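Trainee: Just passing along the structure, written as structure tokens.
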Amino acid sequence: MAIYYRLFISGPRFRRCWIFLIIVTTVVLLLFIVVPWTNKCQNTQTIIRDWSIFSIDNSTEYQQAHSVLSDSSFRRQFRGEEIRHLAFLKVHKAASSTVTSIIQRFGWERNLNFLLPARSPNLISQNESINVNNIISDKDATFDLLCNHVIYDKEQFTKYLPKDTVFIGIVREPFDQFVSSVYYYKYRWSVPYLARLPSINPVKYLLESPNQYEPKKRHDSYTRNRMSVDFGLPEELLHTTDKRKILPYLQELNSEFKLVLIKEYFDESIILLRRMLNWNLRDVLYVSKNPLKYVPKINVRDRHRHKQHSFLDYCLYNFFLRVFWKKVRQQGEDFHMEVAYFRQLRSAVEDFCNEEKRNPAFKRRVFEAEANEFHPDIAINKDLCELMTLNEVDFTNKLKWRQFPNLRP
């Protein structure tokens with residue numbers, strides 16, 4: 001810096017030397033800072049971007065590419081033997097439809113049997129656990145998977161599912177789950193007690209006067225401790241703020257559930273799920289379901305009131321949030337690398353599938369990702385995209401008609 005200063009004050013004769021030194025310094029900085037950074041970005045792209053899209057020109061090549069998707073060797077696990085007996089507790093308004101889609105596709109491709117609702121398109125029961133009246137069954141039926149809405153009860157779940165069934169669930173930040181429920185069930189389904197709320201800021205009015213709107217029966221409410229109701233927690237806990245009474249029940253749930261996913265950390269949850277179930281990364285790719293389409297007005301007072309309104313849901317969420325991060329910390333150093341890679345791959349697959357849906361001319365294209373440290377070769381075509389984008393009701397019907405052909409209309 002002293003050299004620059006002397007040249008600058010030495011007069012116009014030395015100004016050219018001063019400018020020359022500035023240029024040289026700038027070039028050196030570019031060589032030592034910008035070039036290494038550029039190489040780092042290029043290396044990152046080489047690691048992450050390992051997929052391509054190609055067209056199938058004749059039916060033979062198309063059949064060969066399509067056979068990859070159904071070949072048993074392709075379905076074989078990349079690491080370990082996959083778990084095929086699974087019960088997913090589908091919690092209301094907690095990204096559970098997306099998880100359900102993943103499980104339905106997994107079971108469909110392996111011809112596994114599902115516990116399916118008897119009286120509703122996609123709901124086994126809103127107010128009770130599994131029983132002979134709310135599922136489709138016959139004397140010879142056996143079941144592998146469960147992923148439709150029903151109240152959790154371990155005794156009833158184990159009555160209909162194999163002994164080695166793995167239990168998983170999902171939770172969401174309670175206030176966000178509450179707000180989503182208010183708007184979804186008021187405007188989409190026009191649930192009577194929510195339909196009575198004013199259209200302008202219904203969240204505020206419900207929290208200000210919950211006794212005026214909320215149903216008396218806990219199972220009839222979508223907006224008061226609904227996650228706790230879905231997890232089958234005893235009714236007496238819904239009316240207490242004594243954590244000493246609540247904690248034993250949460251610990252019991254933790255001993256029964258192998259994993260409770262966290263909606264706010266969805267991709268981390270999915271990768272943790274994949275690892276625990278020894279599934280292929282292809283198996284857990286997804287296209288988002290029921291995305292948020294409204295931006296409600298909320299304030300700090302609303303949040304405070306809701307903590308009093310649904311205290312048990314906050315206990316449930318905070319408990320399993322701590323458990324979740326403990327499980328993440330037990331993973332290897334490559335966990336967050338896999339999550340970052342999965343986000344890139346999933347986004348590319350979703351774009352591909354959405355384009356396939358919008359443009360029928362693309363039906364003969366295939367998305368291909370080369371094998372790497374996270375997965376074997378992956379090939380995705382129009383048929384798989386249709387499964388990934390199929391809504392829950394249609395997929396449930398598809399499963400019903402295959403398991404029980406006599407129910408086909």
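The values are calculated or read from the model by the stated rules, or taken from the named source; none is laboratory data. All of these numbers come straight from a predicted model, not from anything done at the bench. Using ideal geometry, Cβ is built from the backbone for each residue, glycine included, and neighbour counts are taken over all protein chains shown. Quick note on the areas: whole protein, heavy atoms, side chains included, nothing else; ligands and nucleic acids left out. Shrake-Rupley method; radii C 1.70, N 1.55, O 1.52, S 1.80 Å.
Trainee: Would you confirm whether any residue within region 378-385 is crowded, with 18+ Cβ neighbours inside 10 Å, out of contact with any strand residue (DSSP E or B) (no Cβ under 8 Å at 6 or more places or on another chain) and either closer than 16 Å to VAL284 by Cα or touching a residue at least 12 places away in the same chain (Cβ under 8 Å) (or both)?
Mentor: Yes, region 378-385 has at least one match.
Trainee: Pick from region 331-347 the residues that are in a loop (DSSP other than H, G, I, E, B) and free of Cβ contacts under 8 Å to residues at least 24 places away in the same chain: which of them is nearest to ASN280 (Cα to Cα)?
Mentor: GLY332
Trainee: Then there's this: Would you confirm whether or not region 266-285 contains a residue that is open to solvent by less than 10 Å² (accessible area, probe 1.4 Å), touching a His at 6+ places or on another chain (Cβ under 6 Å) and part of a helix (DSSP H, G or I)?
Mentor: yes
Trainee: Now a separate question. Just checking, does region 208-228 include any residue being modelled with pLDDT of 95 or more and under 30 Å from GLU338 (Cβ atoms)?
Mentor: Yes, the conditions are met somewhere in region 208-228.
Trainee: Return the residues of region 99-135 that are β-branched (Val, Ile, Thr) and at pLDDT below 95; say none if nothing qualifies.
Mentor: The answer is VAL132, and nothing else.
Trainee: Here's something else I'd like to know. Just one of the numbered conditions (1) open to solvent by 80 Å² or more (accessible area, probe 1.4 Å); (2) of a type outside the set (Val, Ile, Thr); (3) out of contact with any helix residue (DSSP H, G or I) (no Cβ under 7 Å at 6 or more places or on another chain) is not true of LYS258; which one?
Mentor: LYS258 satisfies every listed condition except (3).
Trainee: Among the residues of region 201-247, write down those that are assigned to a loop (DSSP other than H, G, I, E, B), touching a Phe, Trp or Tyr at 6+ places or on another chain (Cβ under 7 Å) and touching a residue at least 24 places away in the same chain (Cβ under 8 Å).
Mentor: Correct list: TYR222, THR223, PHE231, GLY232, LEU233, THR241.
Trainee: Going residue by residue through region 371-387, is there one that turns out to be of a type in the set (Gly, Ala, Ser) and modelled with pLDDT under 95?
Mentor: yes
Trainee: For region 93-123, how many residues are without any contact (Cβ under 8 Å) to a residue 60 or more places away in the chain, in a loop (DSSP other than H, G, I, E, B) and in contact with a Leu (Cβ under 8 Å, 6 or more places away or on another chain)?
Mentor: Qualifying residue count, region 93-123: 2.
Trainee: Follow-up question, since we're still on this one. For a quick check of your reading of the model, give me the residue pairs whose first member lies in region 124-151 and is over 23 Å from GLU109 (Cβ atoms), whose second is acidic (Asp, Glu) and open to solvent by 10 Å² or more (accessible area, probe 1.4 Å), with beta-carbon atoms closer than 6 Å and at least 6 apart or on different chains.
Mentor: Listed by first residue and then by second, the contacts come to SER129/ASP153; ILE151/GLU128.
Trainee: When the residues of region 131-188 are filtered to those that are assigned to a loop (DSSP other than H, G, I, E, B) and among the hydroxyl-bearing types (Ser, Thr, Tyr), which remaining residue is most open to solvent (accessible area, probe 1.4 Å)?
Mentor: THR142
Trainee: Identify all residues within region 212-255 that are among the acidic types (Asp, Glu), within 25 Å of ILE168 (Cβ to Cβ) and surrounded by 13 or more Cβ atoms within 10 Å (Cβ to Cβ); write none if there are none.
Mentor: ASP230
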